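Okay, so here's the structure we're looking at.
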Amino acid sequence: MATHLRLDHQTRQHQIVEAARDLIATGGVHALTVRGIASKVGVTEAAIYRHVSSKEEIILLLIRDVEESLFQAISRATRSDRHALERLEHMLELHVSYVELRQGISFVVITEAAQFEEPRVRSAGRRLVEKYLSLVAEIISQGVDKGEIDHTVSPDAAAMIFFGMIQSAVTRWLFDPLNHPLGENSVSMWKLFRTSLEFSDEDADLHHKDNGGI
């Protein structure tokens, strides 16, 4: 009996997350209300409150959903043994595809979490961002160690720039998707970002000689 109740609770929370994403996608964060979710799910507000206690808990569920789905989407890039720059490019492509599929909800949720006074919400949002930055920094650090990325590059600083360029591209895309297509902008930004990680011509020659080149 207990297992049935637990599964039912999980199913209802999944419905709540789906409804919350739909509300944000169509009306922004201000449209996210328990009444709106109840209407989307087709139950009473009281029924929703049996599974979430507040709007803050709904945001927590959204953050958890973003964390699980986003990192599942980019795991293929982070676990690869390819060249560091190829892994980063692949990660960028996967993240952009994820954002487009989810209509930019992930960045809206992260921004909203940063504005909440509720410590649990802020902590969950911060943990999500830090986890993402750590993954990017780790790829860059491995690239530096293998001689694939310029040794003067700071992994932490480069990770913040990587995340920031996606965030800025998504912001422009959300405001004006026709004039600022996310895919095209991400390709242009990647070319600039890649240049910042590569060896200069002089360093490249030295690196080539150190590795047995003529």
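The values are calculated or read from the model by the stated rules, or taken from the named source; none is laboratory data. Here the structure is a predicted model, which means the values were calculated and not measured. When we count neighbours, we look across all protein chains shown, and the Cβ atoms used for this are built from the backbone with ideal geometry, even at glycine. Just the protein is used for accessible areas: all its heavy atoms, side chains included, with ligands, DNA and RNA removed. Shrake-Rupley method; radii C 1.70, N 1.55, O 1.52, S 1.80 Å.
Quick notes on this structure:
- Where a residue in the stretch 154-183 is under 23 Å from L128 (Cα atoms) and modelled with pLDDT under 90 and its partner, wherever it lies, is open to solvent by less than 30 Å² (accessible area, probe 1.4 Å) and of a type in the set (K, R), with Cβ under 9 Å and at least six apart: none
- Long-range neighbours under 7 Å by Cβ, at least six apart or interchain, first residue polar (S, T, N, Q) within the stretch 124-144, second assigned to a helix (DSSP H, G or I) and open to solvent by less than 10 Å² (accessible area, probe 1.4 Å): Q142/A84
- Among the residues making up the stretch 82-132, those that are more than 29 Å from G147 (Cα to Cα) and among the charged types (D, E, K, R) are E100, R102, E112, E117, E118, R120, R122, R126, R127.
- W190 vs. criteria under 24 Å from R79 (Cβ atoms) and of a type in the set (F, W, Y): yes
- Qualifying residue in the stretch 36-53 (condition: within 22 Å of E117 (Cα to Cα), among the small types (G, A, S) and assigned to a helix (DSSP H, G or I)): no
- The set of residues in the stretch 55-68 that are open to solvent by 60 Å² or more (accessible area, probe 1.4 Å) and without any contact (Cβ under 8 Å) to a residue 24 or more places away in the chain comprises K55, E68.
- Total residues in the stretch 69-93, condition surrounded by fewer than 18 Cβ atoms within 10 Å (Cβ to Cβ), over 10 Å from the mean Cα position of the chain (by Cα) and within 22 Å of G125 (Cβ to Cβ): 3
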